[in-house]
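Report on the following structure.
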Amino acid sequence: MRGKVACIVSVCCMVLLLGFGTAFAQQEIKIGVLIPLSGSMAVIGENLQMAHDFAAKEINDAGGVKSLKGAKIKLIYADTRGDPKVGMSEAERLIVREGVSAIMGAFQSSVSYTSTEVAEKYQVPYLVPNSLMDQITERGFKYTFRVERKGSYWAKDQIDFILDMGKKTGVQAKTIGVVYENTDMGQSIAKAIRKLAPEHGLKVVLDEGYPPKTADMTPVVLKMKRANPDVVILNSYISDAILLMRTIADQRVNTMALLGSSSGYSDPSFVKEVGKLAEYFFDLTEWTTDLKHSPLVAQKNAAFKKWTKDHRDFNGGAAFCYASTYILYDALEKAASTDPKRIRDALATVKITKGPAMIIPWTPIEFDAEGQARGARMLVIQYRDGQRKSVWPANIASTAPVWPMPKWEERK
Amino acid sequence: MAVLEIEGVSTFYGEFQALYDVSLKVEEHALTGIVGANGAGKSTILRTICGLAPARSGSILHNGVPLERLSTFEIARRGIALVPEGRRLFPAMTVLDNLLLGAFSKPERESREKRLGEVLKFFPILKKRKAQLAGTLSGGEQQMLAIGRALMGKPDIVMLDEPSLGLSPKMVSHIYRILDEIRELGITILLVEQNVEWCLKKADRAYILENGSVVLEGPGKELLSEEGVRKAYLGL
Amino acid sequence: MTGIIEAAVNGILMGGLYGLIAVSLSLIFGVAKIVNFAHGALLMVALFTVYWILELLKVDPYLSALLAGCFLFFFGYYFQRLFIEPILKREKDTAALTVILLTSGLMLIIENSALLLFGADYRTVRTAYTGKVWEVAGLYIMQPRLIGFVLSVVLIRLLEFYLRRTNFGRAIRATSQDREAARLMGIDDYRVYKVTFGIGTVILGFAAAFLTPFYFIHPAVGDLFVGKSFVIVVLGGLGSITGAFLGGLIVGLIESVGAQFINSAMVESLIFIVFIACLVIRPMGLLGKERE
């Protein structure tokens, strides 16, 4: 008798467990995240990973996706190693093997460009937080969405900034140089600058793409010194950004301004490693911690800082990854489904005006027919006492810019 | 007493058996000769002794110490010097460097310099060519250098593999003269030579090899007078 | 014109370091016939060794080279002993290919271990020489580069002296020319390989110490130098020490001066064009020996 009872109880337990098990499985929404997690880009990837993780944790702690009975978001990371081919195969793996409902990534333009193709083929929505190559959203894809502003507009913003500073201070730049890593992202900006600068009376006196994995930046910097442009627009990843900055200082190349294009120049290790040399450096970026448009910026950055082990701030890339996770969350709530097609339709019609996604500096967040975020805008920061201070445009800036930069010889 | 005692040695190159149960003895201060046709396994015996072609079975004793388990360099350090076929000099190094390498395992400066003096006296031509690269020497000079290099290690026994191969007749007789002189110094020699007549004439004891086996052995002169040997090897 | 001279000076200074790194690769290849794809990873290990010595002991970066050298010798010695030697001993004929696969695998393992241990952060060391510049007739010469170059030249002279004039140095050269004959001289060829690998790693330690004052340290930093090193080694002549150093200078010069005339993205191709042209004219490399 006793044995029988025990038997029945245990069978019931198993059934219950199984039931819970399946219920639990249903409560997870798998989202793939493609980022570089090894190789020289690993430091960038890890930073973005923390931002995604932080957003997912907040969402899940707040009860998950309510329209799906509180289903939790589960992020599945795939390492692209910064390689477009690996990006493709990893995207395929995420979709086919892991069965993800949507993908975010892949930081580098070249990797996003190839891996979005895979998602398009399998009809899985792909939200691109960071990549700026124009063509990513210009191929008529239905499943690709981008939060970042297009690269060609970055160039426009940079030129606008240079002209604006000239007007404001009376110290007008006449010549510019553009120095970039010779990859999709760098070429994308350089191409736009070559076209736009002359239209605004700026002469391009230096147009230098250097290969990835350049061991010595001195040749490039010497060339910069000889061309002597008033402003140099730079576009680099991290190691090259560090080497360039140090070499520019070593060679005492004086310009009105050095203007970066985010990426390496916005990475925390840049200012950590070059230290004082970063002072007065301008950087076109999507985001900073001192933005004034919403109190959420300060709040969420503080929360992130508290949550991360090394107490770091958001940088632009991370803030966009954080916001993108929320955009996707919003679409999931709307779709009330884990079906990639329905999530895609929801993404195409989001119009976000509140919530943590609003840490990015425009309202509302919505996508045009190409999948490009409408209203995406950029801003310029200047490194001051090691801090990234927003200086442009004036209406959301916290600090007045120093233009031109002091000469190297005059710095302490 | 025998300096070197080889007992029932069989050696293989992969699946191919090169030596069948070979036994031979090398007596102190004597010249021991090994003759035989091409491919009979003469060189293999020397390579087996040196550990370059290790024996699969059998024993090799040097002054009573077994060599089978030692590496080539350890065997060389025991004072067994091989003047290999083709000389195997270090072509991009100077004559002097080649000689000094012969004394690699006995690098004490004083005794090394003394031996170097002796060897250079023995081979005056090498003294002249001291700073030249070994690769630029003539064949005969190279052979002398190879022998000189072997002598630099103050060896217990010198094994020579076809020292006259590829040399002009004049140079061959010169090398033979040198071998005579070395022998007079009391150095134990194990010689593999294609010139059967010369070898048997000089050898205190000789072994005739056919297809990897010893078929005849005895004092060189005795073998030389044997009908079969004369027919097979001297074409008489 | 000043710009070109400045570029040439920089090219030679940087080329000296490329050369030094290539010398190490060339030595290991020339003696042990090991194609060491883990070379970049070993440079990274050397950089981290120097980095930690500087961080923990706060000594002069050039002094740290000696300390790092002691550790790195044994690192290289046992790297050869534990990973490569067993393959050389087991696979007498096919070892060359296996070793390539092995060193490629070890590269990944070492780099990923470094990533795990030290993280993906970029590190730099501020030394007394960092950012110091000598101004000579309007040219800015970066102190750490000039010092590194001069010491590289001294180091290579020392290495050549060691190989030419010492008993073991001769044994190393002998082994590289005829391994079997070297054994017959009583030379322990496997020990020669291990010591050579150790010396090669020590050279990397010096290169690391010369780089550190003006460079960064990261688990993937070796990738920036390793491809170039292979080009330089072949250009200079396989196994030739002076050739490798000369090859380094040439590549450094092309890279720096070439970039003043054409886009730096094209300079890489220029290096390869010069490289191929050299090999067509002298297939054995600049200072390589003819093969018989």
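Being part of a strand (DSSP E or B), touching a strand residue (DSSP E or B) at 6+ places or on another chain (Cβ under 6 Å) and not hydrophobic (A, V, I, L, M, F, W, C) is the filter here, so list the residues in the stretch B:211-224 that pass it.
Within the stretch B:211-224, B:S213, B:E217 qualify.
Considering each residue of the stretch B:1-52, count those that are over 15 Å from the mean Cα position of the chain (by Cα) and not small (G, A, S), and give that number.
So the answer is 16.
If you scan the stretch A:40-85, which residues turn out to be within 14 Å of another protein chain (Cβ to nearest Cβ) and of a type in the set (A, V, I, L, M, F, W, C)?
Those that are within 14 Å of another protein chain (Cβ to nearest Cβ) and of a type in the set (A, V, I, L, M, F, W, C): A:M41, A:A42, A:V43, A:I44, A:L48, A:M50.
So is B:I60 crowded, with 18+ Cβ neighbours inside 10 Å, modelled with pLDDT of 95 or more and either out of contact with any strand residue (DSSP E or B) (no Cβ under 9 Å at 6 or more places or on another chain) or not in a strand (DSSP E or B) (or both) or not?
The answer is no for B:I60.
For C:L117, which of the numbered conditions (1) surrounded by 15 or more Cβ atoms within 10 Å (Cβ to Cβ); (2) out of contact with any Ser or Thr (no Cβ under 7 Å at 6 or more places or on another chain) fails to hold?
For C:L117, the failing item is (1).
Can you confirm whether the stretch C:31-42 contains a residue that is polar (S, T, N, Q), outside any loop (DSSP other than H, G, I, E, B), in contact with a helix residue (DSSP H, G or I) (Cβ under 7 Å, 6 or more places away or on another chain) and under 18 Å from C:I199 (Cβ atoms)?
Looking through the stretch C:31-42, none of the residues is polar (S, T, N, Q), outside any loop (DSSP other than H, G, I, E, B), in contact with a helix residue (DSSP H, G or I) (Cβ under 7 Å, 6 or more places away or on another chain) and under 18 Å from C:I199 (Cβ atoms).
Quick check on my filter: what residues within the stretch C:252-274 are outside any helix (DSSP H, G or I) and facing chain A (nearest Cβ under 8 Å)?
Correct list: C:N263 only.
Have a look at C:I254, C:I187 and point out the one that is more than 28 Å from C:I87 (Cβ to Cβ) and among the hydrophobic types (A, V, I, L, M, F, W, C).
One residue alone meets the criteria, C:I254.
Quick check on my filter: what residues within the stretch B:182-195 are over 15 Å from the mean Cα position of the chain (by Cα) and either surrounded by 15 or more Cβ atoms within 10 Å (Cβ to Cβ) or part of a helix (DSSP H, G or I) (or both)?
B:E184
Suppose we filter the stretch C:45-70 for residues that are within 18 Å of C:S152 (Cα to Cα) and either in a helix (DSSP H, G or I) or of a type in the set (V, I, T) (or both); how many remain?
Total meeting the criteria: 13.
I need the full set of residues from the stretch A:199-224 which are facing another protein chain (nearest Cβ under 7 Å) and either farther than 19 Å from C:A265 by Cα or basic (K, R) (or both), in order please.
Listed by number, the residues that qualify are A:K213, A:K223.
Report every pair of residues separated by at least 6 positions or lying on different chains whose Cβ atoms are under 7 Å apart, first residue within the stretch B:168-188 and of a type in the set (D, E, K, R), second modelled with pLDDT of 90 or more.
Note: pairs meeting the criteria are B:R183/B:L31; B:R183/B:I189.
If C:Y190 passes every condition in (1) buried (at least 22 other Cβ atoms within 10 Å of the Cβ); (2) over 30 Å from C:G252 (Cβ atoms); (3) within 9 Å of another protein chain (Cβ to nearest Cβ) but one, which one does it miss?
(1)
Yes/no matrix, rows are residues, columns are (1) free of Cβ contacts under 8 Å to residues at least 60 places away in the same chain; (2) within 23 Å of A:C321 (Cα to Cα); (3) surrounded by 14 or more Cβ atoms within 10 Å (Cβ to Cβ):
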{"position": "A:E366", "(1), (2), (3)": "yes, yes, yes"}
{"position": "A:G371", "(1), (2), (3)": "no, yes, yes"}
{"position": "A:A376", "(1), (2), (3)": "no, yes, yes"}
{"position": "A:R384", "(1), (2), (3)": "no, no, yes"}
{"position": "A:R388", "(1), (2), (3)": "no, yes, yes"}
{"position": "A:S398", "(1), (2), (3)": "no, no, yes"}
{"position": "A:P404", "(1), (2), (3)": "no, no, yes"}
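If we keep just the residues of the stretch B:74-116 that are of a type in the set (D, E) and assigned to a helix (DSSP H, G or I), which is nearest to the other protein chains (Cβ to nearest Cβ)?
So the residue we want is B:D97.
Filter the stretch C:212-223 for residues that are over 13 Å from A:I242 (Cα atoms) and out of contact with any Phe, Trp or Tyr (no Cβ under 9 Å at 6 or more places or on another chain); which is nearest to the other protein chains (Cβ to nearest Cβ)?
Selected residue: C:A220.
Can you find even one residue in the stretch A:286-300 that is hydrophobic (A, V, I, L, M, F, W, C), at pLDDT 95 or above and within 19 Å of the chain's Cα centre (by Cα)?
Within the stretch A:286-300 (the criterion being hydrophobic (A, V, I, L, M, F, W, C), at pLDDT 95 or above and within 19 Å of the chain's Cα centre (by Cα)), the answer is no, since none of the residues qualifies.
Quick one: would you say C:L287 is under 18 Å from the mean Cα position of the chain (by Cα) and either assigned to a helix (DSSP H, G or I) or modelled with pLDDT of 90 or more (or both)?
no
Residue by residue through the stretch A:225-270, note down the ones that are of a type in the set (V, I, T) and either within 11 Å of chain C (Cβ to nearest Cβ) or in contact with a Leu (Cβ under 9 Å, 6 or more places away or on another chain) (or both).
Listed by number, the residues that qualify are A:V231, A:V232, A:I233, A:I238, A:I242, A:T247, A:I248, A:V253.
Just give me the residues in the stretch A:90-111 being on the phi < 0 side of the Ramachandran plot, of a type in the set (G, A, S) and at pLDDT below 95, in sequence order.
Within the stretch A:90-111, A:A106, A:S109, A:S110 qualify.
Yes/no matrix, rows are residues, columns are (1) over 23 Å from C:M185 (Cα atoms); (2) not assigned by TED's automatic domain parsing to the domain that holds B:R183:
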| site | (1), (2) |
| --- | --- |
| B:G14 | yes, no |
| B:K25 | yes, no |
| B:I45 | no, no |
| B:A55 | no, no |
| B:N63 | no, no |
| B:L96 | no, yes |
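Taking the residues in the stretch B:117-137 that are in a helix (DSSP H, G or I) and crowded, with 20+ Cβ neighbours inside 10 Å as candidates, determine which candidate is nearest to the other protein chains (Cβ to nearest Cβ).
Checking each candidate, the answer is B:A134.
Given the criteria free of Cβ contacts under 8 Å to residues at least 60 places away in the same chain, touching a Ser or Thr at 6+ places or on another chain (Cβ under 9 Å) and of a type in the set (A, V, I, L, M), does A:V86 qualify?
yes
Looking at this structure, is B:G148 touching a Phe, Trp or Tyr at 6+ places or on another chain (Cβ under 6 Å), assigned to a helix (DSSP H, G or I) and at negative phi?
yes
Which residues, taken from the stretch A:184-226, are surrounded by fewer than 19 Cβ atoms within 10 Å (Cβ to Cβ), part of a helix (DSSP H, G or I) and of a type in the set (A, V, I, L, M, F, W, C)?
A:L196
State whether the residues of the stretch C:201-219 include one that is at pLDDT below 95, surrounded by fewer than 24 Cβ atoms within 10 Å (Cβ to Cβ) and assigned to a helix (DSSP H, G or I).
No, there is no match, as no residue in the stretch C:201-219 is at pLDDT below 95, surrounded by fewer than 24 Cβ atoms within 10 Å (Cβ to Cβ) and assigned to a helix (DSSP H, G or I).
Scan the stretch B:38-66 for residues that are within 14 Å of another protein chain (Cβ to nearest Cβ) and of a type in the set (A, V, I, L, M, F, W, C) and jot them down.
Those that are within 14 Å of another protein chain (Cβ to nearest Cβ) and of a type in the set (A, V, I, L, M, F, W, C): B:L46, B:I49, B:C50, B:L52, B:A53.
The values are calculated or read from the model by the stated rules, or taken from the named source; none is laboratory data. Worth saying up front: this structure is predicted, and the values here are computed from it rather than measured. Heads up, the Cβs are rebuilt from the backbone with ideal geometry, glycines too, and the neighbour counts pull from every protein chain shown.
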